[in-house]
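J.: I am attaching a structure below and will ask some questions about it afterwards.
The values are calculated or read from the model by the stated rules, or taken from the named source; none is laboratory data. Model, not experiment: these values are computed from the prediction. Positions of Cβ are backbone-derived with ideal geometry, glycine not excepted, and every protein chain shown enters the neighbour counts.
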Amino acid sequence: MTDRLKKSGRLVTILTILALSLYSCKQEEKLATARSEISGMATPVYLSPDGGEILLSDYFTDTTLIDSIENNAGYTTHLSEDKQKLKIEPGEELGYVSNLRIWAKGTVNDIPLYKSTREKVKFSFPDPDKKHSSVMIKGQFNGWVPERSEMTYENGAWTYEAGFNPGAHQYLMVIDGKESLDPTNPEKVSNGMGGMNSVLTVGSEAEKARITPLKIKKKGFSLKLSEEINEIFVYVNNILAVHKKGKLENNVEIDLPSAYEGRSLLRIYAYNENGRTNDLLFPLEDGKVVTDASLLKRSDFHTQIMYFLMVDRFKDGDKSNTKAVDSDEILPIANHFGGDLQGVTDKINEGYFEDLGVNTIWLSPITQNPEGAYGLWPEPKTKFSGYHGYWPISNTKIDWRFGDKKVFKELLKKAHDRNMNVILDYVANHVHEEHPLYQEHKDWATDLYLPDGTMNTEKWDSHRLTTWFDTFLPTLDFSKPEVVEKMTDSAAFWVTDYELDGFRHDATKHIQEEFWRTLTKKIKSRTDRPIYQVGETYGSYELIRSYINTGMLDAQFDFNLYDAAVNAFARTDTDFEQLANTLEQGLEYYDSNHLMGNITGNQDRARFISYASGDVRFDEDAKVAGWTRDIEITDSTAYKKLEMLHAFNLSVPGVPCIYYGDEYGSPGGNDPDNRRMMKFEGLSGKESALKNAVKELIAKRRNSMALLYGTTEILQADEALFVLKRSYFGEEAIAIFNKSAEAVKLNYFDSEVTVAPGSYKLIFNK
């Protein structure tokens, strides 16, 4: 070959490389500037073993904009004619994580897909002589309803088969109507109420690989891999910006396109042969990773520190609207105390929330409630007023005892002026019998009586979509489109007529999914700002997660984690293993950087501090305790236990939520004793010390990117110690909890750390 030809060939090669490089840059720039048609963050799709069907309307407010579904070697897809549904069939090449790319209006829209990790488990209870006539199983997986899991008798044993995701699953057997531990399973844990549950552990014992943000680079960042990884998917604004595949080891460089403007949200998913790794999530500003917590905004919902207050029990700011229900049938503790919206506004103006560090206020329902006496508590006999707000007779009118439209708008303005969000507790599941909607449309409610003639009240799991809370609280029938339309309009009114920042939704699991989808679609189409929606659901992980996706809710309150935390921190006869398992299971189900609410308590539970002090027993009816005795704090060590709960909530992923009074340790049994009037003055030394500690903990949380967006790793969880590590681009935070009777000494960040008995330490490497 002549020199001229050689030079010509090299020139062609160079030009080709340059062309490809320019094309690649243009493609990156195009992806960086492209706008996804998906409104909000595209939550991952959790596939079932056979794939399943997803509603594209969860991701696209207008599915007619969809052009096509891009082919993928790991699965096949079938799009319905109306473009509302997409059926996915897994193939042999499907990895634990893959990408679903949907073209809409000529732009790409990417959604992470999770391969199912569900395993079939067969329970077997030997009964060779068939001494028993009925054997059932009740547990977290079926909402603790044994009728859903009846065992069948064959070959001398009772058997039952079901699918379970990896993790620890608590359950009991019901043998001839009597609850029992599984006699074939030695593994058991405390149920937090004085008893025990059997535990089924599912999944591989192999340790999963971890990915950790390592260093910020000029064009992106690097990741540290604990083990070899098969694939990494990097999403920015619902578009797959970077995809790496192959044998990825040690440190991996991620280069980002440079054209992102303003605030973006970056997410990373990865996997290897042992399953999915932890996922990552962090904010970008103009394409650069945010490492300074002071640059975060209140619309960055991962930064929220929530404070739940019951309006009537917080502060009376306007004496002119203070009026209890005039009835001798209501004991004072179950009547109005006089708190109102003006009182909340006053405390905003005084800087109470700002001083504490709270940046999100959750208000109990403020819609008009009845002015009569309802319900009955048998001993001591008393009826109740609607002071709490959960018995609406209007869904858009503010209860005159709380204030009016003007004062509510002033509250919102003052909160926003101080860079705080305000979310409203909204009741959609039921109305009070005086509500005009029920008076005019009684057929819009479910039946109070079941076909067998029994009353359909408080059947929370067996009839969760139809049960009534009480005989004067009709549950609405959301299987009727007209009910969904009316009630979603009423809910959307609050974010269109007021500058609210979100909702806490009451009784989420008792309402059909169509309501949540319709409401979220209306909110997105009628507002131009982020709206945070968090639900209230007691139940299995699957049930709780079923309401969390782009088209429904952002999160729910994590009562499973709360129960485990109460068990770990309020009691001295338990270890930290169950808490660690529950925390890890939540991260598996809701992802590593979820927005689940982590509570210190709520209006339906006895106060944590009263359990911790022993003044309310775990094996008693906490509501009876609240009615029959004056509950105070007889063991002052309970203050430190509550402080540890605060420290835990402020150290783990999710949205920490303080129930009013828990910042200083208000005692109480269950409803209504857990709803005492807020105390602002005259705090004891122990109460003041707790409040100051909470302020310091909140400040640490809000100023630490590791605690807000970092990875989560449990370093130790045993009888005495729980050690948690959070990491974010070189910033590390270690939370150490010691429930033993002796001080412990540990070494972190090249120094010795001493943790006192029954205490904790939160330390940083920066």
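J.: Being buried (at least 20 other Cβ atoms within 10 Å of the Cβ), touching a strand residue (DSSP E or B) at 6+ places or on another chain (Cβ under 6 Å) and farther than 19 Å from ASP591 by Cβ is the filter here, so list the residues in region 705-726 that pass it.
T.: Result: PHE722, VAL723.
J.: Tell me which residues, restricted to region 147-168, are free of Cβ contacts under 8 Å to residues at least 24 places away in the same chain and more than 26 Å from PRO128 (Cβ to Cβ).
T.: Answer for region 147-168, where residues must be free of Cβ contacts under 8 Å to residues at least 24 places away in the same chain and more than 26 Å from PRO128 (Cβ to Cβ): just ARG148.
J.: Return the pairs, sorted by first residue and then second, in which the second residue is in a loop (DSSP other than H, G, I, E, B) and surrounded by fewer than 21 Cβ atoms within 10 Å (Cβ to Cβ), the first residue lies in region 714-742 and is without any contact (Cβ under 8 Å) to a residue 24 or more places away in the chain and of a type in the set (Ser, Thr, Tyr), the beta carbons are less than 8 Å apart, and the residues are 6+ apart or on different chains.
T.: Here the result reads SER740/GLU719; SER740/ALA720; SER740/PRO757; SER740/GLY758, each pair linking region 714-742 to a residue that is in a loop (DSSP other than H, G, I, E, B) and surrounded by fewer than 21 Cβ atoms within 10 Å (Cβ to Cβ).
J.: Kindly indicate whether TYR390 is of a type in the set (Ser, Thr, Tyr), modelled with pLDDT of 95 or more, surrounded by fewer than 20 Cβ atoms within 10 Å (Cβ to Cβ) and closer than 26 Å to ASN649 by Cβ. Break it down stepwise before answering.
T.: Values: of a type in the set (Ser, Thr, Tyr): yes; modelled with pLDDT of 95 or more: yes; surrounded by fewer than 20 Cβ atoms within 10 Å (Cβ to Cβ): no; closer than 26 Å to ASN649 by Cβ: yes.
Here the answer is no, as TYR390 does not meet what is asked.
J.: I need the full set of residues from region 128-146 which are closer than 22 Å to LYS188 by Cα and either charged (D, E, K, R) or free of Cβ contacts under 8 Å to residues at least 12 places away in the same chain (or both), in order please.
T.: The first filter runs over region 128-146 and keeps only residues closer than 22 Å to LYS188 by Cα, leaving 135-146.
Listed by number, the list holds a single entry, LYS138.
J.: Can you find a residue that is assigned to a helix (DSSP H, G or I), polar (S, T, N, Q) and not assigned by TED's automatic domain parsing to the domain that holds ILE232 anywhere in region 61-81?
T.: There is at least one residue in region 61-81 that is assigned to a helix (DSSP H, G or I), polar (S, T, N, Q) and not assigned by TED's automatic domain parsing to the domain that holds ILE232.
J.: So, of the residues in region 357-371 that are touching a residue at least 60 places away in the same chain (Cβ under 8 Å) and not in a strand (DSSP E or B), which turns out to be farthest from TRP468 (Cα to Cα)?
T.: Here the answer is GLY357.
J.: For ASP528, indicate whether it is more than 30 Å from HIS646 (Cβ to Cβ), surrounded by fewer than 22 Cβ atoms within 10 Å (Cβ to Cβ) and at pLDDT below 95.
T.: yes
Conditions (1) aliphatic (A, V, I, L, M); (2) surrounded by 17 or more Cβ atoms within 10 Å (Cβ to Cβ); (3) under 33 Å from the mean Cα position of the chain (by Cα), marked per residue:
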site	(1), (2), (3)
PRO146	no, yes, yes
LEU172	yes, yes, yes
ASN185	no, no, yes
LYS188	no, no, yes
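J.: State whether one or more residues within region 644-664 are of a type in the set (A, V, I, L, M), in contact with an Asp or Glu (Cβ under 8 Å, 6 or more places away or on another chain) and under 21 Å from ASN598 (Cα atoms).
T.: Checked against the condition, which is being of a type in the set (A, V, I, L, M), in contact with an Asp or Glu (Cβ under 8 Å, 6 or more places away or on another chain) and under 21 Å from ASN598 (Cα atoms), region 644-664 yields no hits at all.
J.: If you don't mind, another one. Go through region 719-733 and count every residue that is part of a strand (DSSP E or B) and more than 30 Å from LYS218 (Cβ to Cβ).
T.: Selection size over region 719-733: 4.
Matching residues to (1) under 30 Å from the mean Cα position of the chain (by Cα); (2) among the charged types (D, E, K, R):
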{"position": "LYS120", "(1), (2)": "yes, yes"}
{"position": "PHE125", "(1), (2)": "no, no"}
{"position": "LYS130", "(1), (2)": "no, yes"}
{"position": "ASN142", "(1), (2)": "yes, no"}
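J.: Could you give me the residue pairs with C-beta distances under 9 Å whose first residue belongs to region 518-537 and is over 25 Å from ASN560 (Cβ atoms) and touching a residue at least 40 places away in the same chain (Cβ under 8 Å), whose second residue is assigned to a helix (DSSP H, G or I) and of a type in the set (Phe, Trp, Tyr) wherever it lies, and which are 6+ apart or on separate chains?
T.: So the pair list comes out as PRO530/PHE301.
J.: Among the residues of region 496-512 satisfying the criterion of being of a type in the set (D, E, K, R), part of a loop (DSSP other than H, G, I, E, B) and in contact with a Lys or Arg (Cβ under 9 Å, 6 or more places away or on another chain), which is nearest to ILE544 (Cα to Cα)? If you could, list the steps in order and put the result at the bottom.
T.: Of region 496-512, the ones of a type in the set (D, E, K, R) are 497, 499, 501, 504, 506, 509.
Add one more test, that the residue is part of a loop (DSSP other than H, G, I, E, B), and what stays is 497, 499, 501, 506.
Checking the rest, the ones that are also in contact with a Lys or Arg (Cβ under 9 Å, 6 or more places away or on another chain) come to 497, 499, 501.
Details: ASP497: 30, GLU499: 28, ASP501: 22 Å.
Among those residues, the one meeting the criterion is ASP501.
J.: Moving on. Does LYS745 fit the bill of being under 22 Å from the mean Cα position of the chain (by Cα), without any contact (Cβ under 8 Å) to a residue 60 or more places away in the chain and outside any helix (DSSP H, G or I)?
T.: Criteria not met by LYS745.
J.: State all residues of region 465-487 that are among the β-branched types (Val, Ile, Thr) and part of a strand (DSSP E or B); if no residue qualifies, say none.
T.: THR475
J.: Given (1) aliphatic (A, V, I, L, M); (2) closer than 26 Å to GLU119 by Cβ; (3) in contact (Cβ under 8 Å) with a residue 40 or more places away in the chain; (4) buried (at least 16 other Cβ atoms within 10 Å of the Cβ), where does LEU181 come up short, assuming only one miss?
T.: Only one criterion in (1) aliphatic (A, V, I, L, M); (2) closer than 26 Å to GLU119 by Cβ; (3) in contact (Cβ under 8 Å) with a residue 40 or more places away in the chain; (4) buried (at least 16 other Cβ atoms within 10 Å of the Cβ) is unmet by LEU181, namely (3).
J.: Mind listing whichever residues of region 252-270 are assigned to a strand (DSSP E or B) and of a type in the set (S, T, N, Q)?
T.: Hit for region 252-270 is SER264, nothing else.
J.: For region 612-718, which helices (runs of 4 or more DSSP H) that fit wholly inside it have 2 or more residues that are more than 28 Å from PHE301 (Cα to Cα)? Walk me through it before giving the result.
T.: Working: elements: 622-628, 637-649, 685-702, 705-709.
Result: 622-628, 637-649, 685-702.
J.: Here's something else I'd like to know. Given region 95-210, what strands (runs of 3 or more DSSP E) lie entirely inside it while holding 1 or more residues that are in contact with a Leu (Cβ under 8 Å, 6 or more places away or on another chain) and within 22 Å of GLY586 (Cα to Cα)?
T.: The strands (runs of 3 or more DSSP E) meeting that bar are 97-104, 107-114, 119-126, 135-139, 157-164, 167-175, 188-190, 196-202.
J.: Select from region 727-761 the residues that are closer than 26 Å to LEU280 by Cβ, surrounded by fewer than 20 Cβ atoms within 10 Å (Cβ to Cβ) and touching a Lys or Arg at 6+ places or on another chain (Cβ under 6 Å) and list them in ascending order.
T.: Matches in region 727-761: GLU731 only.
J.: Then there's this: Working only within region 271-320, note down all residues that are touching a residue at least 40 places away in the same chain (Cβ under 8 Å), over 29 Å from PRO44 (Cα atoms) and part of a loop (DSSP other than H, G, I, E, B).
T.: If the condition is that a residue be touching a residue at least 40 places away in the same chain (Cβ under 8 Å), over 29 Å from PRO44 (Cα atoms) and part of a loop (DSSP other than H, G, I, E, B), then MET310, PHE314, LYS315, ASP318 are the ones that fit.
J.: OK, next. Evaluate the following for GLN585: is it more than 26 Å from THR43 (Cβ to Cβ), outside the structural domain of GLY167 (by TED's automatic domain parsing) and over 10 Å from the mean Cα position of the chain (by Cα)?
T.: Taking the combined requirement at face value, the residue does not satisfy it.
J.: Looking only at region 333-350, which residues are in contact (Cβ under 8 Å) with a residue 12 or more places away in the chain and part of a loop (DSSP other than H, G, I, E, B)?
T.: ASN335, HIS336, PHE337, GLY338, GLY339, ASP340, listed by residue number.
J.: A further question on this structure: Residues to consider are SER462, SER490; find the one that is under 25 Å from PHE308 (Cβ atoms) and either in a helix (DSSP H, G or I) or modelled with pLDDT under 95 (or both).
T.: None of the other options fit; the residue is SER490.
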